[in-house]
1. State the number of residues belonging to the stretch 50-80 that are in contact (Cβ under 8 Å) with a residue 24 or more places away in the chain and β-branched (Val, Ile, Thr).
2. Might you check whether a residue that is under 12 Å from the mean Cα position of the chain (by Cα), closer than 25 Å to residue 27 by Cβ and assigned to a helix (DSSP H, G or I) occurs anywhere in the stretch 73-91?
3. All but one of (1) farther than 16 Å from residue 82 by Cα; (2) at pLDDT 95 or above hold for residue 54; which doesn't?
Amino acid sequence: MSDYGDDDDYQFEYSDQEEEIPQEDDITVTVENKYYNSKGFVQSKEYKEALQGFQDILEIEKTNPNVQEWGCKATKQIVKLSFRTQQYEVMLDYYK
């Protein structure tokens with residue numbers, strides 16, 4: 001029978017210094033959160049807020065090419081949302 005309280009099996013090194021996350025990782029996390037928050041707005045039928053969130057992602061993408069994947073996903077969601085809300089002109093603009 002193993003002893004789960006045995007401290008000899010695990011050794012951790014603790015540091016008082018926080019590791020700094022590179023700024024581009026912060027932007028990626030922010031954009032990813034904004035994307036999923038916007039999808040949540042779609043599910044709760046708050047379409048105006050969702051559309052604004054997806055558009056914000058596209059604005060961020062213009063200056064941060066590292067979030068291109070999220071820009072593509074946001075564009076797809078804008079097209080789907082525009083179709084759902086019968087804003088066909090907007091849909092076609094983003095589809096291009």
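The values are calculated or read from the model by the stated rules, or taken from the named source; none is laboratory data. Note that the structure is a prediction, hence the values are computed from the model and not measured. Note: ideal-geometry Cβ built from the backbone for every residue, glycine included; neighbour counts use all protein chains shown.
1. Selection size over the stretch 50-80: 4.
2. Yes, because at least one residue in the stretch 73-91 is under 12 Å from the mean Cα position of the chain (by Cα), closer than 25 Å to residue 27 by Cβ and assigned to a helix (DSSP H, G or I).
3. Residue 54 satisfies all of (1) farther than 16 Å from residue 82 by Cα; (2) at pLDDT 95 or above except (1).
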